[in-house]
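Here's the structure, in structure tokens; my notes come after.
None of the figures in this text is laboratory data; all of them are computed from the coordinates on show. In this text the structure is predicted, and so the values were computed from the model without any measurement. Note that each Cβ is placed from the backbone with ideal geometry, even for glycine, and that neighbours are counted across all protein chains shown.
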Amino acid sequence: MQAGAMQGLIIKGLVKEYVPGKPVLRGINLAIAPQGITAVIGPSGTGKSTLLRCINRLVEPTAGEILLNGQDLVPLRGRGLRMARRRIGMVFQEYNLVERLTVMENVLSGRLGYVSLWQAWMRRYPDADIARAFSLLDAVGLPEQATRRADALSGGQRQRVGIARALMQQPELLLADEPTSSLDPRTAVEIMELMTGLSTSAGVPLVVNIHNVDLARRFAQRIIGMAGGEIVFDGPPEALQSEHLRQIYGGEDWL
Amino acid sequence: MNALMREWQRFTPMERFTRWAVYFALVVTLVWAVRNVEIIPEFLIDAPEQMVDLLVRMWPPDLGHYHPAVHHALVETLHIASLGTLFAFIFAVPLALLAARNICPYPGVNAFAQLLLVTSRSVNSLVWALIFVAIFGPGAAAGTFAIAFRSIGFVGKLLAEALEEIAPGPLEALEATGAPKGHVLLKGAWPQIAPAFWGVALFRWDINIRESAVLGLVGAGGIGVVLDDAINFFQWDRVATILLTILVVVVVAEIIVTRLRAKLI
């Protein structure tokens with residue numbers, strides 16, 4: 001096996017059962033290159049979120065292997081799991097910022113896996129982290145907002161902070177779980193542009209769950225269609241046809 | 001037509017029966033309580049007379065008695081309340097973390113922490129004071145521990161409830177960054193419960209000032225000791241001074257607490 005084949009994210013036979021005997025994911029096999037944007041589409045409840053959350057182990061997989069740059073994440077516990085999570089950034093649908101903290105502290109939270117409890121308590125983050133946080137705030141378009149409280153921001157601004165927090169980890173993989181579903185159409189496009197632009201320039205592969213097929217087509221180089229806990233489509237946006245959408249979402253009146 | 005035929009009922013027959021049973025139980029309890037208390041008519045009839053007599057003996061209050069005796073006792077009361085509240089928090093915060101089901105995922109530990117909190121609450125501070133007077137002897141130390149042990153349950157319960165109500169999303173996000181549990185609690189949970197924490201701290205301090213005023217009745221130090229002495233010697237004008245002092249302190253504490261809370265939250 002050549003060295004390059006171990007790079008990126010490789011998922012083998014991933015099964016997740018919340019209730020025994022009722023799998024939400026039915027043996028997912030997937031290989032994601034160490035760069036590029038992959039969109040996962042599919043109806044609600046089909047396991048898109050579960051798939052993403054299995055990767056950083058917010059959800060415990062029932063069976064299978066998840067290899068990130070050669071390391072299997074599934075058997076990890078405790079410290080080993082935390083070390084692996086530091087390498088994976090995540091952006092959430094509801095932003096999941098700590099509302100009563102400032103924008104700056106939310107961004108610096110991306111480094112909580114690296115600083116001691118005492119440093120975090122005294123807010124003594126290393127100077128390099130603070131400099132990086134400022135440059136990320138510039139990059140996401142919030143240069144003047146560092147000292148504002150997160151609950152004073154609009155939805156689009158909060159998601160920008162969410163993106164900055166995830167990139168603060170200097171991740172090897174960026175996951176985004178419905179990052180635009182709570183936003184208006186224009187802001188959704190802006191957030192997708194920002195996220196895909198920043199992950200591309202940082203050379204970090206991005207896997208994004210998304211409801212909106214048009215956004216997936218517009219921003220992703222690869223689309224994965226899921227239905228009933230299985231992958232039913234995998235290909236470039238140009239290859240995604242009406243028949244595939246029918247297969248993914250069912251019915252056809254909506255097309 | 002069919003829609004008109006349907007009948008809407010607010011309660012099922014079982015719910016109606018339960019409501020009726022609850023009302024019946026309330027009436028039974030009331031009747032039982034009145035019969036049990038056995039108010040003696042002779043005492044009830046001359047109560048207004050006695051009350052007027054007491055007020056006359058209290059007037060004018062012996063304000064000269066305030067310094068130094070009442071003043072020193074008052075300062076001791078304030079110390080008992082503040083120190084007792086502080087000790088209570090030292091014990092209550094870990095217990096609250098163990099009792100909150102979303103923070104500590106072990107049902108056995110949750111139940112044990114809840115049991116300790118309920119035990120603390122189920123004993124009145126006067127009873128705690130009697131116990132600690134037996135242990136430490138009479139004085140302010142007994143009062144401080146009585147206040148602390150009564151407050152643990154109150155503070156712990158409210159903090160545990162505040163913890164259980166926090167949004168799980170931010171905690172999940174911090175966990176996803178690879179942060180250890182302590183960091184997640186510090187940066188994800190604490191900011192969410194901070195307003196509740198300061199609210200509870202001020203409210204309990206306010207309650208403890210009032211409670212520590214009576215602890216002296218069982219010898220646990222503070223202004224209650226002077227009050228007890230004055231009552232035992234029938235010095236009603238001094239009693240009036242002490243009661244006025246307590247009133248002033250409670251009002252001032254109330255004003256301070258209200259102002260601080262408005263600033264903190």
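I'd like to verify a number: residues in the range B:218-265 that are small (Gly, Ala, Ser) and more than 25 Å from B:Asp53 (Cβ to Cβ), how many?
Just the residues of the range B:218-265 that are small (Gly, Ala, Ser), to begin with: B:219-222, B:224, B:230, B:240, B:253, B:262.
Applying the additional criterion that residues be more than 25 Å from B:Asp53 (Cβ to Cβ) yields B:219-222, B:253, B:262.
Result for the range B:218-265: 6.
Please verify whether B:Leu130 is within 30 Å of A:Asn96 (Cα to Cα) and more than 14 Å from chain A (Cβ to nearest Cβ), treating the condition exactly as stated. Outline the logic, then answer.
On the way: within 30 Å of A:Asn96 (Cα to Cα): no; more than 14 Å from chain A (Cβ to nearest Cβ): yes.
Considered against the rule, which asks whether it is within 30 Å of A:Asn96 (Cα to Cα) and more than 14 Å from chain A (Cβ to nearest Cβ), B:Leu130 comes out as no.
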Considering the range A:197-239, residues that are farther than 25 Å from A:Asn29 by Cβ and of a type in the set (Ser, Thr, Tyr), and then whichever is farthest from the chain's Cα centre (by Cα), we arrive at A:Ser201
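Please tell me if B:Ala69 is part of a helix (DSSP H, G or I) and surrounded by fewer than 10 Cβ atoms within 10 Å (Cβ to Cβ).
Values: part of a helix (DSSP H, G or I): yes; surrounded by fewer than 10 Cβ atoms within 10 Å (Cβ to Cβ): no.
The answer is no for B:Ala69.
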Scanning for something farther than 19 Å from B:Val200 by Cβ and of a type in the set (Gly, Ala, Ser), does the range B:153-162 turn up at least one residue? no
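Which one of A:Leu108, A:Leu112, A:Leu117 is more than 19 Å from A:Met192 (Cα to Cα) and over 22 Å from the mean Cα position of the chain (by Cα)? Steps first, answer last, please.
On the way: A:Leu108 fails: over 22 Å from the mean Cα position of the chain (by Cα); A:Leu112 fails: over 22 Å from the mean Cα position of the chain (by Cα).
Just a single option satisfies the conditions, and that option is A:Leu117.
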Among (1) of a type in the set (Val, Ile, Thr); (2) part of a strand (DSSP E or B); (3) farther than 23 Å from A:Asn209 by Cα, A:Val115 falls short only on (2)
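Determine which member of the set B:Ile147, B:Ile166 is under 19 Å from A:Arg165 (Cβ atoms) and in contact (Cβ under 8 Å) with a residue 24 or more places away in the chain.
Testing whether each residue is under 19 Å from A:Arg165 (Cβ atoms) and in contact (Cβ under 8 Å) with a residue 24 or more places away in the chain leaves just B:Ile166.
Quick grid of which residues meet (1) surrounded by fewer than 20 Cβ atoms within 10 Å (Cβ to Cβ); (2) among the β-branched types (Val, Ile, Thr):
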residue	(1), (2)
B:Ala96	no, no
B:Asn102	yes, no
B:Gly108	yes, no
B:Leu117	no, no
B:Val127	yes, yes
B:Phe132	no, no
B:Gly137	yes, no
B:Phe149	no, no
B:Ala167	yes, no
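Of A:Ile163, A:Ile191, which residue is away from chain B (no Cβ under 14 Å) and out of contact with any Asp or Glu (no Cβ under 7 Å at 6 or more places or on another chain)? Walk me through it before giving the result.
Numbers: A:Ile163 fails: away from chain B (no Cβ under 14 Å).
None of the other options fit; the residue is A:Ile191.
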Quick test of your reading of the structure: B:Ala111 fulfils all but one of (1) hydrophobic (A, V, I, L, M, F, W, C); (2) within 30 Å of B:Gly169 (Cβ to Cβ); (3) not in a helix (DSSP H, G or I). Name the failing condition by number. (3)
Of B:Ala162, B:Ala141, B:Ala173, B:Ala220, the only residue that is small (Gly, Ala, Ser) and closer than 28 Å to A:Tyr114 by Cα is B:Ala173
Would you confirm whether any residue within the range A:107-124 is within 14 Å of chain B (Cβ to nearest Cβ) and in contact (Cβ under 8 Å) with a residue 60 or more places away in the chain? yes
If you take the residues in the range B:210-238 that are among the β-branched types (Val, Ile, Thr) and touching an Asp or Glu at 6+ places or on another chain (Cβ under 9 Å), which one is farthest from B:Pro138 (Cα to Cα)? B:Ile223
Are any residues in the range A:165-210 over 17 Å from A:Ala33 (Cα atoms) and part of a loop (DSSP other than H, G, I, E, B), and if so, which ones? A:Gln169, A:Gln170, A:Glu178, A:Pro179, A:Thr180, A:Ser181, A:Ser182, A:Leu183, A:Asp184, A:Ile210
Being touching a His at 6+ places or on another chain (Cβ under 9 Å) and in contact (Cβ under 8 Å) with a residue 40 or more places away in the chain narrows A:Ile55, A:Ile66, A:Ile41, A:Ile88 down to just A:Ile41
Which listed residue, of A:Leu206, A:Leu174, A:Leu153, A:Leu245, is free of Cβ contacts under 8 Å to residues at least 60 places away in the same chain and within 21 Å of A:Leu137 (Cα to Cα): A:Leu153
